[in-house]
Amino acid sequence: MTESIIQVKDFRKTYGDFVAVDGISFDVKEGEIFGLLGPNGAGKTSTLESLEGLRDLNGGSMRVAGIDPTKEQPKLRNLIGVQLQSGGLPETFTPDEAMKFFCAYHDVAPRFDLLDRMGLEGKRKTQYHELSTGLQRRLALALAVAHQPKVLFLDEPTAGLDVPSRVELHEMMRELQAAGTTIILATHDMAEAEEMSDRVAIMLSGKLVTIGTPMEITAKGAGLTKVSVRTKNSSLSNSGANFPAVNQHTQKEDYDVYFSTDIGPTVSAIIAHVEAQNDTLIDLRVERPSLEDRFLEIATSGGTK
């Protein structure tokens, strides 16, 4: 069984009388991509910054690769990489200068090849404030991984990125994971979390309300599965047929769309009906509830579902 590289136990973080994180516990396995999800104010940033050694704990304990991040920052700095939402670089820094600076801090040779890979080959002498938001995000990622950290923290990594940049970032994440890097992904992009994460944890109001694989979390929901059907002669559209386990039927363009609580009986009955009408099935699509659907369900219920 893969060992845990991050352990969080009864972690509590307060700011005056405000409780930002209220006694959460979770482990992250070595080499996995772990999604940390939640609305603004849920406590994600406080949790990440504490794991990164930037904030003290008000209760509980944390370990990152066996290190206490609040007491052993010098040991921690070469084990972790951090890509923040905002880079925080001096405006006049160029990508080349930033890479030299960060690599000197970690005592490794500059990785200019990462700048080229992230699409900065023609901008390496351009000052930071002149870079587009997307290029600033690419630079931040290149700097975060230049020293080959064991644990990589990504905070909204694809914010402001175009589609090719998102694809490149996801490819790099998979390569890093294949090489053994553990990745903590904090994102508001539920599709990204569902696609990239091995497991996710959802936080609400400082509490951890659920944790598991995206499939496990969506399977626990009350969401309906959408079945979209298109036939040659549109035999479903005006038939008035009632199919088992269907809660709702709508029409969209050339499709009849059914929302089902149990897709097996629903799909079987639809196909049988189409065949009985001597119609031809052109397209049938089954879409299970997404992680975003489940997240909204949890958020709306306050974490009680």
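Overview of values
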quantity: Subset of region 231-246 that is surrounded by 18 or more Cβ atoms within 10 Å (Cβ to Cβ) and over 12 Å from T266 (Cα atoms) - its residue that is farthest from the chain's Cα centre (by Cα); calculated: S235
quantity: Residue in region 146-157 that is surrounded by the fewest Cβ atoms within 10 Å (Cβ to Cβ), counting only those that are among the charged types (D, E, K, R) and either in a loop (DSSP other than H, G, I, E, B) or not assigned by TED's automatic domain parsing to the domain that holds Q177 (or both); calculated: K150
quantity: Scope region 99-126; condition among the charged types (D, E, K, R), part of a loop (DSSP other than H, G, I, E, B) and surrounded by 13 or more Cβ atoms within 10 Å (Cβ to Cβ); matching residues; calculated: R111, K123, R124
quantity: Residue within region 132-145 that is on the phi > 0 side of the Ramachandran plot, in the same structural domain as E32 (by TED's automatic domain parsing) and either at pLDDT below 85 or in contact with a strand residue (DSSP E or B) (Cβ under 8 Å, 6 or more places away or on another chain) (or both) present; calculated: no
quantity: Only listed residue being hydrophobic (A, V, I, L, M, F, W, C) and closer than 25 Å to A299 by Cβ, chosen from F34, F101; calculated: F34
quantity: Of all residues in region 161-215 being in contact (Cβ under 8 Å) with a residue 60 or more places away in the chain and among the acidic types (D, E), the one that is surrounded by the most Cβ atoms within 10 Å (Cβ to Cβ); calculated: E194
quantity: Residue pairs meeting the criteria (Cβ under 6 Å; at least 6 apart or on separate chains; first outside the structural domain of K150 (by TED's automatic domain parsing) and closer than 15 Å to D10 by Cα, in region 45-65; second acidic (D, E) and at pLDDT below 95); calculated: none
quantity: Residue match in region 86-98 (condition: part of a helix (DSSP H, G or I) and under 23 Å from T181 (Cβ atoms)); calculated: yes
quantity: Which numbered condition P69 fails, given (1) in contact with a Phe, Trp or Tyr (Cβ under 8 Å, 6 or more places away or on another chain); (2) part of a loop (DSSP other than H, G, I, E, B); calculated: (1)
quantity: Subset of region 35-44 (residues that are surrounded by fewer than 21 Cβ atoms within 10 Å (Cβ to Cβ) and either in contact with a strand residue (DSSP E or B) (Cβ under 9 Å, 6 or more places away or on another chain) or hydrophobic (A, V, I, L, M, F, W, C) (or both)); calculated: P39, G41
quantity: Residue list for region 256-305, filter: out of contact with any strand residue (DSSP E or B) (no Cβ under 8 Å at 6 or more places or on another chain), in a helix (DSSP H, G or I) and at pLDDT below 90; calculated: E292, D293, R294, L296, E297, T300, S301
quantity: Options P90, P95, P69: the member that is surrounded by 19 or more Cβ atoms within 10 Å (Cβ to Cβ) and farther than 19 Å from I24 by Cα; calculated: P95
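The values are calculated or read from the model by the stated rules, or taken from the named source; none is laboratory data. Keep in mind that what you see is a predicted model, and the values were worked out from it rather than measured. As a convention, Cβ positions derive from the backbone with ideal geometry for all residues, glycine included, and neighbour counts pool all protein chains shown.
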